[in-house]
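One structure is given here, and the rest of the page talks about it.
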Amino acid sequence: MLLTKAQGRAVMDLTTAETVGTVTACTVAASPARVSGLRLKTRGRGHHVLDWSEMYSFGPDAVTVDGAGRIRDEKNIDPGDPAHSFHDPIGKPVLTETAPRAPCAASISTSGQVASVIC
């Protein structure tokens, strides 16, 4: 799955059955390579983050979370945290041994692990 395919998915709170946000981006941790979180647009100002480990399920139409309290305000997240917006790879250059700034695609498993990267 391409990370951009996650954009626009609704985030549903299982305790209230309400939509609490929309996925705007994914953040990726380098080691071990995995999706570390989802950046969300919520009803309030600014962005919020849902850690991958706090998510209940990631389906083809929506993401579910067991309580909106699991969603963190992005401005309270340290830049070193793997869920910080600095770790959003979309639109950033990728350096490889064969071609600098080559476009790449990553294959992500349902557990969030990066299965392969093709440049």
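The values are calculated or read from the model by the stated rules, or taken from the named source; none is laboratory data. Predicted model only: the values in this text are computed from it and were never measured. Heads up, the Cβs are rebuilt from the backbone with ideal geometry, glycines too, and the neighbour counts pull from every protein chain shown.
In the stretch 61-80, the qualifying residues are those that are touching a residue at least 12 places away in the same chain (Cβ under 8 Å) and part of a loop (DSSP other than H, G, I, E, B), and the one that is farthest from Ala17 (Cα to Cα) is Ile77. Of the strands (runs of 3 or more DSSP E) that lie entirely inside the stretch 17-60, those containing 1 or more residues that are modelled with pLDDT under 90 and closer than 18 Å to Asn76 by Cα span 18-29, 34-41, 47-51. When each of Thr22, Thr27, Thr15, Thr42 is tested for being among the β-branched types (Val, Ile, Thr) and in contact with a Pro (Cβ under 8 Å, 6 or more places away or on another chain), the lone residue that passes is Thr27.
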